[in-house]
1. Here is a list: Ser231, Ser220. Which entry is in contact (Cβ under 8 Å) with a residue 60 or more places away in the chain, open to solvent by less than 30 Å² (accessible area, probe 1.4 Å) and under 19 Å from Ser184 (Cα atoms)?
2. Kindly check whether there is at least one residue in region 135-151 that is within 22 Å of Asp323 (Cα to Cα), surrounded by fewer than 22 Cβ atoms within 10 Å (Cβ to Cβ) and in contact with a Ser or Thr (Cβ under 9 Å, 6 or more places away or on another chain).
3. How do the pairs read when you match residues in region 111-124 that are over 17 Å from Leu146 (Cβ atoms) with residues anywhere that are hydrophobic (A, V, I, L, M, F, W, C), using Cβ under 6 Å and keeping only pairs 6 or more apart or on different chains?
4. Can you list residue pairs whose Cβ atoms sit under 8 Å apart, with the first residue in region 301-319 being modelled with pLDDT of 95 or more and the second being in a helix (DSSP H, G or I) and open to solvent by 60 Å² or more (accessible area, probe 1.4 Å)? Count only pairs 6 or more apart in sequence or on different chains.
Amino acid sequence: MDSGTINVSTGPVRITGAVKVALAADPLSHRSADFVDSFHGITDFLCKQFNVRNTFLLSGSGTLANEAMLHQVKQIKGRGLILSNGEFGTRLIRQAQRIGLEFDTYSLNWGEAFELENIEKLLRHTAATWMVFTHCETSTGVINDLDALAKLAKNHRCLCFCDCMSTVGTRALDLSHIAMAAASSGKGLASVPGLAIVFSNIKIESSSQIPSYINLRDYSDKGGIPFTLSSNLVNALGASIKQKMVPDQFALLEKYRQKISQLLHQLQLVPFDNGSSFVFTLVPNPDEYNDVLEQLLQSGLIISYESEYLKKRRWIQMALFNDYQEEELMQVLNSLKKLQTVSS
């Protein structure tokens, strides 16, 4: 990833020198004072950045973060509501079914926007006590309105839980009005995969039915570190967030997000409404797919196209998850401008 290429994939991201240094360091015991101090410095930083009461770090992927969150959802009395308008909303439904949650669904075709009026009717008629959805539906790039959905849930005395995998780290984000949100270290926070992250504003419950490894009560009772946790992964995350989560980087990403979004819309390559998304799902005409893919690869861009749901639909994805320099983003934009000759 250091050979002149620019990573605009949905992950894994390119890592910086500071992150590599943290990964290459000798491991620390998860019981050592140095590690505990570092761990709490990082979780306190994340709490302040996202305006939440607690941040939990678990060894695993974002899928594990969702599992831990859904097991907390299961401790809430009453039925819930899960919203889906893409691959990852559907995955939440499957996870919830396996855990044994009782819920109704509001499922739309991929890329369709949620209708708040319809969701309000469902909340009223089902008397749902909790609601789960994705903030950015990564499969299409569609942003679901977090603030509006949280407000709607609050009006119906319903707790709101959210998969924020593709929004955490890409922008300033206030999660104070969300019961819980799930994220990971390997996307917008610009570190390596391996840490599942759960942000929480509610009391953590326990149950003998929750596997110990994802029982957040164990984490809460043990200062966040009930089991072995890699100091290298934790300190790598600490290095990445100090570089990535700063106003200048957010402003740079937003500037080029707008430019890239506008250009891709002009090329009619993004049929879904991206809103303020940093994920772009390119849907070329079937007879142009190979040309578009080859031109992007030849331009030195690292993109996403090998996931099962992408291969099945012959879609291509780009995302602005890395810690970028402006020169890199200008090169990305210039590479995309060359696609005009393909789509014309």
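1. Selected residue: Ser231, the only one of Ser231, Ser220 that is in contact (Cβ under 8 Å) with a residue 60 or more places away in the chain, open to solvent by less than 30 Å² (accessible area, probe 1.4 Å) and under 19 Å from Ser184 (Cα atoms).
2. Yes: region 135-151 contains one or more residues that are within 22 Å of Asp323 (Cα to Cα), surrounded by fewer than 22 Cβ atoms within 10 Å (Cβ to Cβ) and in contact with a Ser or Thr (Cβ under 9 Å, 6 or more places away or on another chain).
3. From region 111-124, the pairs are Gly111/Val142; Gly111/Phe272; Leu122/Leu81.
4. Listed pairs, sorted by first residue: Ile303/Leu297; Tyr305/Lys311; Arg314/Pro286.
The values are calculated or read from the model by the stated rules, or taken from the named source; none is laboratory data. In this text, all values refer to a predicted model and were calculated from it rather than measured experimentally. Glycine also receives a Cβ, built like all others from the backbone with ideal geometry; neighbour counts cover every protein chain displayed. We work out accessible area using only protein heavy atoms, side chains counted, and drop any ligands, DNA or RNA first. Shrake-Rupley method; radii C 1.70, N 1.55, O 1.52, S 1.80 Å.
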